[in-house]
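The values are calculated or read from the model by the stated rules, or taken from the named source; none is laboratory data. Because the structure is predicted, anything quoted here is derived from the model rather than measured. Every residue, glycine as well, gets a Cβ built from its backbone with ideal geometry; the counts of neighbours run over all protein chains shown. Calculation scope for accessible area: heavy atoms of the full protein, side chains included, ligands and nucleic acids excluded. Shrake-Rupley method; radii C 1.70, N 1.55, O 1.52, S 1.80 Å.
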Amino acid sequence: MPGRMLDIRPKARADILRLAEDDPTLADRIVVLLRQLENGTLTGEPLTEMPRYGFLADCCKVYFGAPRKAPNTHRIVYRPRLDGTVEVVEVVVVEEREGGYVYLLA
């Protein structure tokens, strides 16, 4: 079984830092979810064709929210890919779901 590693795009890193400033509990939740993606204990839902937002059918999404708040306000959008013997999970964007903004960024 291939190992896994995360490849977090610079824009996604900036999203995470900004969200951490807005609400540190979101940052804690994101770190947990990214670790789960990396170790393979979390698999998001595949995105389907979304004409309004462009081609995202090669991506998956993970729902999350701040602890003790609305559970599904944000998304991690990532693209699984295979690079040699290492499965790379490319984190594309981490952002609020409202109005489909996360998908526009992806």
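Which one, Asn72, Ile30, Tyr53, is farthest towards the positive end of the dipole of the chain when Lys and Arg carry +1 and Asp and Glu -1 on their Cβ?
Ranked along the dipole, the leading option is Asn72.
What are the GluC sites (Glu not before Pro) within segment 18-101 that DSSP puts in a loop, where the Cβ has at most 15 other Cβ atoms within 10 Å? List each step's numbers first, then the result.
Values: sites: Glu21, Glu38, Glu49, Glu87, Glu90, Glu95, Glu96, Glu98; in loops: Glu49.
Filter output for segment 18-101: Glu49.
Which chymotrypsin sites (Phe, Trp or Tyr not before Pro) in segment 18-66 sit in a loop by DSSP (not H, G, I, E or B) and have at most 12 other Cβ atoms within 10 Å of their own Cβ? Walk me through the intermediate numbers first.
Details: sites: Tyr53, Phe55, Tyr63, Phe64; in loops: Tyr53, Phe55.
Hits after loop and neighbour filter: Phe55.
Report which label in (i) 43, 30, 23; (ii) 38, 32, 22; (iii) 41, 33, 28 holds the value of Cα extents along the principal axes in Å derived from the coordinates of this structure.
(ii)
Rolling a 1.4 Å sphere over the protein heavy atoms, what is the accessible area per residue of the chain, to the nearest Å²? Mind showing how you got there, number by number?
Values: 6100 Å² over 106 residues.
Dividing the accessible area of the chain by its residue count gives 58 Å².
³J(HN,Hα) across segment 36-53 via Karplus (A = 6.51, B = -1.76, C = 1.60, θ = phi - 60°), whole Hz, x for Gly/Pro?
Result, ordered by residue: 5, 4, 5, 8, x, 8, 10, 10, x, 8, x, 7, 9, 4, 10, x, 5, 10 Hz.
Expressed as a whole percentage, what fraction of the accessible surface of the chain belongs to carbon and sulfur atoms when a 1.4 Å probe is rolled over the protein heavy atoms? Don't skip to the answer; put the middle values down first.
Numbers: 3390 of 6100 Å².
Roughly 56 percent of what the probe reaches on the chain is carbon or sulfur.
Loop sites only, by DSSP: take the trypsin sites (Lys or Arg not before Pro) in the chain that have at most 15 other C-beta atoms within 10 Å and name the longest stretch containing none of them.
With trypsin sites (Lys or Arg not before Pro) excluded where exposed in loops, the chain gives 1-51 as its longest stretch.
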